[in-house]
Amino acid sequence: MKKPSMLVLLLLIAIASLFSALLFGRYPVSLSEVVQVFLEQLNFGPYDLSVTTRTVVLDVRLPRVVAAMLIGSALSVAGAAYQGLLKNPLVSPDILGASTGAGFGAALALIMSWSLVWVQLSAFLFGILAVILVYQISRLIRQSDPILTLVLTGLLIGTIFSSLISVMKYVADPFDKLPSITYWLMGSLSTTSMGDVKFAVFPVVFGMIPLILLRWKLNVMSFGEEEAMALGVNTKGIRFVVIFCATLMTAAVVSISGIIGWVGLLIPHFVRSLVGPDFRLLLPGSILVGGTYLVWVDTFSRTLLPLEIPLGILTSLVGAPFFLYLLVNSRRGWQ
């Protein structure tokens, strides 16, 4: 199959997954009922549907499905962009501390008993703050390899915020605050509403569009900064745009879902095996596959067991074996 045709196939699979995920759950809903619910929203009706069916489809499952598609797409694109920028196939969107910074912001807000909106806003702002600290500190360190300096600084800042999260958990009320912090850090969409989707969609779109427009320059950046500069690419400017956009998306989605690992690491590699390393196809493919992947992970999380499984647990169960496979086969290259 030709690579552009593969994107069409991935788009069809993503659309089918969106509708299919609305059918699964503890309350049975048929395909015809889902179609009728949406037709009613378009003023083609009314149909003989129960209030429970409308509520389950529109207020419970639809926000989760849309949020999962948005989060999976954002994390996958951010991961692909970071892998190209840093020339490292083993990096993910939290490499510069955005996820741990957001986790600390959420933990702080939960301890202070702030409302859900302020928890999300605190997570979003601290996620961005963490990356700002990484970027500014790395500029103060005079080393010949700015990419290596950036990554090492990100690891250090991420460690600091991880330690601060541990402090928050240590001082939290073990019967009230601690369970809330722990559950949030594991990632979940159980309380997601359309308001949460609206909160995250604008930062995600605002961050994703520049990466899509600059995808051909990411192809050049993946060969190294010296080669990119020789071809006339403003490497510092591109590096700043990629970091800013990836951070904006990561902080936005983590603020509404909690920390969901491995998506930004796994999906770009899988898409690369389907469409190749060309970012003109890799980024659109990551959007489609990442969203589809997290939609099905979320569907399994709420249907496999009577008690909902946090998303971070399921993504880790898939990610760890893949990471091991990646280490074993890392000599084959990835570009």
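Along the positive direction of the dipole of the stretch 35-120 (beta-carbon charges: Lys, Arg +1; Asp, Glu -1; about the Cα centre), which of Pro46, Pro89, Gly103 reaches farthest?
Pro89
Quick check on the chain: take the gyration tensor over C-alpha atoms, sort the square-rooted eigenvalues as a ≥ b ≥ c, and tell me if it's rounded (a/c under 1.5), prolate or oblate.
oblate
Longest exposed-loop-site-free stretch of the chain, with trypsin sites (Lys or Arg not before Pro), DSSP loop and at most 16 other Cβ within 10 Å?
Numbers: sites that count: Lys2, Arg26, Lys87, Arg142.
In short, 143-335.
Starting from the Cα gyration tensor of the stretch 77-123, take the square roots of the eigenvalues, sort them a ≥ b ≥ c, and report rounded, prolate or oblate (rounded when a/c is under 1.5, otherwise prolate if a/b is larger than b/c, else oblate).
Here the stretch 77-123 falls in the prolate category.
When the chain is fully extended, how far beyond the present Cα-Cα distance does Leu23 get from Leu90, taking 0.36 nm per residue of separation?
Answer, rounded to one decimal: 20.6 nm.
For the residues Ile132, Ile157, Ile267, what sequence is obtained by ranking on other C-beta atoms within 10 Å, fewest first?
Numbers: Ile132 17, Ile157 24, Ile267 27.
The order, fewest Cβ neighbours first, is Ile132, Ile157, Ile267.
Loop by DSSP (not H, G, I, E, B), at most 11 other beta-carbon atoms within 10 Å: where is the longest site-free stretch of the chain for chymotrypsin sites (Phe, Trp or Tyr not before Pro)?
So the longest stretch without any such site is 176-335.
Here, each number is a calculation from the coordinates, and none is a lab measurement. None of these values were measured; they are calculated from a predicted model. When we count neighbours, we look across all protein chains shown, and the Cβ atoms used for this are built from the backbone with ideal geometry, even at glycine.
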